[in-house]
1. Let's test the formula: R0 of 25 Å, r as the Cβ-Cβ distance of A:L31 and A:N134. What FRET efficiency results, to the nearest 0.05?
2. Using θ = phi - 60° and the Karplus relation 6.51 cos²θ - 1.76 cosθ + 1.60, list the HN-Hα couplings for region C:374-389 in order, rounded to whole Hz, with x at every Gly or Pro.
3. Provide a whole-number value for the mean count of partner chain Cβ atoms within 10 Å of the Cβ atoms in peptide A:112-125.
4. List the residues, sorted by chain then number, that are 5 or more residues from C:R203 or on another chain and whose placed amide H is less than 5 Å from its amide H.
5. Between C:E182 and C:R54, take the C-beta separation as r, use R0 = 41 Å, and let me know the FRET efficiency to the nearest 0.05.
6. With every protein chain left in place and a probe of 1.4 Å, what is the accessible surface of B:K9, to the nearest 10 Å²?
7. Would you please give the residues with an amide H less than 5 Å from that of B:R245, counting only those at least 5 places away or on a separate chain, with H modeled from the backbone geometry?
8. Leaving out ligands, DNA and RNA, calculate the buried accessible area for the pair A and B with a 1.4 Å probe, summed over both sides, in Å² to the nearest 100.
Amino acid sequence: MGVTRVVSVDRNTRPGIIPILIGLRTTLVNLLKTVFLRGAATVQFPEQKRPTSGRYRGIHLLTVREDGTPKCVACYMCATVCPAECIYIESGERPEKTIEKYPTRFEIDLLRCVYCGFCVDACPEEAIMMSRENDLVGTTREELIIDRERLMERAKLAEYGPGYRPSENDVRRPVRIAALERLKREHGIVPGPPPRG
Amino acid sequence: MPKCTIDGKELEVAAGMTVIQAALQVGIHIPHFCWHPDLPVDGNCRMCLVEVEKMPKLQIACNTAVTDGMVVRTNSDKAVQAHRTTLEFLLVNHPIDCPVCDQAGECYLQDQYMDHGLHDSKVEVEEKVRKRKVVDLGAIMLDAERCVLCSRCIRFEREVTGTNSFEFVNRGDNTQIATFENRPIEHDYAGNLADVCPVGALLSHDFRFKMRVWFLSETESVCPGCSTGCNIFIDHRDAEAQRLRPRRNVEVNRSWMCDPGRTLYKEIAVTERLTGARVKREGGWDGITVAAALDEVAAKLRAAGPAAAFMASPQATNEDLFAFKALADSLGGPLDFRVGGPQRLLRERLDQVLQRKDRNPNTQGALDLGLARDGVDAILKRCASGEVKVLLLQGVELLRDPSHVDAIADVPFVAVMATHEGPELDRPDVVLPAAMWAEVDGTFTNFQRRVQRIRAAFPAPGDARPRWELAAELLRRCGGTLAAASARDVFARLAAAVPDYAGLDYRTLGSTGRALLLQGLAAAEARA
Amino acid sequence: MASAVDTPAAPAGATSAAVRVLRERFGDRLRAVAEFRGDLAITVDRSAWVEAARALREDPELDFKLFLDLCGVDYLDKEDRAERFEVALHAYSVSTKHHVRLKVALPESDPTVDTLCGVYKGANWFEREAWDLYGIVFRGHPNLTRILTHDDFVGHPMRKDYPTAKRHVLKKSKEWLLKVPEGSENLIVNIGPSHPAMHGTFRIQALMDGETIEDAEAEIGYMHRNFEKMAESRTYWQVIPYTDRLNYCSSFMNGHGWALAVEKLLGVPAPPRAEAIRVILSEFSRIMDHLVAVSTNVVDLGAITPFFVVFRAREDIYELLDACCGARLTVSYVRIGGLAADVPDDFEALCRKALASIREVTKQAEKLLTRNPIFANRFRDIGVLGADDALAYGWVGPCLRGSGVAYDIRKDHPYSGYEQYDFDVPIGTVGDCYDRYLVRIEEIYQSLRIIEQALGKLPKGPIITDDKKVALPPKSEVYSNIEALMNHFKLVYEGILPPPGEVYGYTEAANGELGFYIVSDGAKHPWRVKVRPPCFNIYQAYPQMIKGGFLADAVAIIGGLNVVAGELDR
């Protein structure tokens, strides 16, 4: 059990001239440290960019299958969970009977989006993830409603790197690992729904 | 009347009632797949197992009649375990199709898994039995992998339509549902197959991939397709109807509706909808405000007096008809509605299931409210002879018959309340935009003389107004008053004025309506 | 607040004493007593409302002196209720350590009840808010006008029949909040809303006699986004990003408070590892908030250096949060039942880096400020609010502790495992700006202690509850079996379905008691969410505190209160 005590703060701090000098010395030391040692905390944007983590929630991207079509099957999980209601999807028929559905339209209004990452959490097909792209620039509102094609582009992904996505470590019950191993071994599949016959 | 206790709640039920039905009466929903209130019992899914005191084995609630003194527990440990195990077996070969399956959101497996399953899977996906997918059967799509073999579709085909299209083929865990040679379903009730299927094995082709059902709001209404008046739900999102589906009413349509009725939602949001009033001038049509159009029509009506004739429409609600008649009565001109003789077809069956030949929802209401008065032919004769100076039409029926259009060629002023553009609107001089059935509160009286409520699911487009409102506004401009600010008020006036409708109001009509007395032969014809 | 699952039945002592006392005094004007998840809710008749509140406050056995919250609730079309509206009062007793909820039901035809301004000073603004958002009339209120919405707003937006999509065009600004007395030479000075000293957007209008403030009036609502109405059309999961935007200086703590409140409603606790990480990140957020509070406060006085010094440490905390969840400020890292994902492998290293950096910058800030005579003169004996007034207004957190009241939820109602950690709760003696400053600095050091202890004994284990009705199944399951896929689908489109009932969940956020009063009717959206915003109570006292002082002092005081507009206006 932890111990908590109630303690009165000490008001007898004896302010005076010396503390002012101590403060000035503190600032001087900071100045020297910044100039000669650790550098400024600021970043010279846009030539330098502040680093983001591997889980950064930047602009979204749609993952693709080997044939270049989107993995997305327009299940609407992301559009349903989005707290900002910024995803618009229309679905159509795919001839492959094991896939059946795909998005004919998939649009995200990047200005409404709050970059919470729930769409990535909600996707059951690993079809949407977020990159580390955070340079959101546009001159009109319409420009910042991105469509399926833009979401499948890879130029920005190469520049910024992948960000928030499902983790391969998201495995809670060991009994399922054996099944995943088998999938990997016999079908060459890593997390994701297996191709159907 | 046996008495029983279910989960501690005591109740008395009619003799012969099964446990599953009795439980519903006290708000207990026993999980099930194959049982359906309007289909014969099959008892094959084994999901509704419950513990009955003094019986050593669990019993299926759907086929166990309540006996006096019976004590049932639907959530005892044994029953809970049975539900979970049954669900687990049903899911053994079930494909991981939720993302592409339209049933999500109204799927018995999903719902019952959360309430009665919550087990971990023991099956690897590549071990599942593969069956036929995406089989086009016309109005419905079949996916045999998703089928839980409940046989509801088989029983529907056998008992309701008598067409016996479905049967199980193969054996063991290769059992599949199939039609002979994958032939499509060819009757008018295929949509119900998608409704009865508890999973995504049978799905509506029309609704395929259109929208996820949890985005839809539902509004209770009545189908306007024919005089049967099947109870329905309008499923809509953002003021647009997405589909219609049946609402259970044991007296009228049970759990079914016909496919032609289902397609009626498509007529609502089309670009041909009339959204504004217009008046014919020298050079062509002028769009004007509804108020201005009503002023013009009222001026003509006032000038004409008894030389104004009125043709109501059996497509209109009772409220519309009542207001229209009040207007006609205030001016003293002739009134009728029977263009095409709908009253002759009112109770004639089109098939052995639901549809009737009268394709109007409210012929009976028009008869009840006294709109069959002066005779269509008589009115047309007076139009041709020049006696009628103003003709007000509540619907476009008259304008669709070329011989009728000829008969009214010399009427100086014709005004019509219409919902859609069309060539028939060339003739009238003023067109008033009317709201459709899905956009208004009101009542229809069906062939059984059952008064049923319809409710507005979303507002009418543009300036379109309910027909009763247009008539009330004309009445006001002609010096009368309907003394009603809402459809509910109009109905109250109606109930006060029409003896057979006395004592009815929206609250008592509720969700399933109220039947008025039918005499003799008509009563025999009226049995659903 | 003990772990949700262990919450016992209402403890004997003051709360059942509350029922007894009220029953004795009011007989059957005490309409109902309900208990749910350890919360006691007492409903009284309208005629007994003021007297019951007074009894709760003044009866020495009850002593509910701390005014927490007063809000309206609209139960439109709920058939089991005779009256449409309800007003709920939440209060706390520091001496007996009990919370209580007092409610009164009001009919739609006459939603009127007497004001509680005479019992609790803090009720003033809350009643204005209930009038503004619900149209509930408080008889006898000195100034029942709109507070969060614009003066020209038509309708009461929190009512259930007010359409969320309705728009108003509101252009007129309210020029005068005060009137210059006839014939005087007073000047009216506007401070804000666009003013650097108004941290966020709020406004004070002061009636000046030279440099002295004779009278002051506040106007708030510039950042009102009606979070509470949005919450009524979102699932419990979807509300989480909205909580980040309450007190955005310490956004993780709001999510933490929300998750705990919902977990209390559900009766589902988060696993120990999740709670420990929540504690660590909450304490880091508290540190962030205190650093901002102190440094921006002194920026207003012209001491800009500490701001630049302490923000280096904030940068390290942001780096830590980014590594954990992918965002620096709007973290959305909590989930109901735990956290979204486990912390990264370099979590401890990043924490230690931040700890070192915080220690260094705080020491430097102290060197620059604490004994500086200019600073001391500007802060000592300025903005004094005594303990009684503070409780009556509903002050909590460092401001209340600065006034000498030792109420810290982490000590008195520990949650998320706080009971395992050793830490001190600093309190002031005078209740001036200097005390509040010293309390905040000391709290930073105590938070560092807590983080180090939590890091040292971080348990292994799951990061979220294994209750399938609450937590999403792991992705490997969702991809590979139908059961988990269905579970996933149901949780996304239907969400968590709590039992019908109401709870008040509370945590010690950076500004004090952040409460969430959640009313559930069993559906997937909450029926009502009321945020108990600590700054709302704190800022309410501000116009009174600055009367009679200098304008320059008003600026010194406001920063020390740490009013964050996101939390104030919601």
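The values are calculated or read from the model by the stated rules, or taken from the named source; none is laboratory data. Everything numeric in this text was worked out from a predicted model, so none of it was measured. Every residue, glycine as well, gets a Cβ built from its backbone with ideal geometry; the counts of neighbours run over all protein chains shown. With ligands, DNA and RNA removed, areas are computed over all heavy atoms of the protein, side chains included. Shrake-Rupley method; radii C 1.70, N 1.55, O 1.52, S 1.80 Å.
1. Efficiency, from the Cβ-Cβ distance: 0.20.
2. 5, 4, 4, 5, 6, 10, 6, 6, 10, x, 7, 10, x, 4, 4, 5
3. Counting Cβ atoms of other protein chains within 10 Å of each residue's Cβ and averaging gives 6.
4. C:E219
5. That gives a FRET efficiency of 0.60.
6. Looks like 100 Å² after rounding.
7. Here the answer is B:F233, B:D235, since their amide H atoms fall under 5 Å of that of B:R245.
8. That pair hides around 2000 Å² of surface in total.
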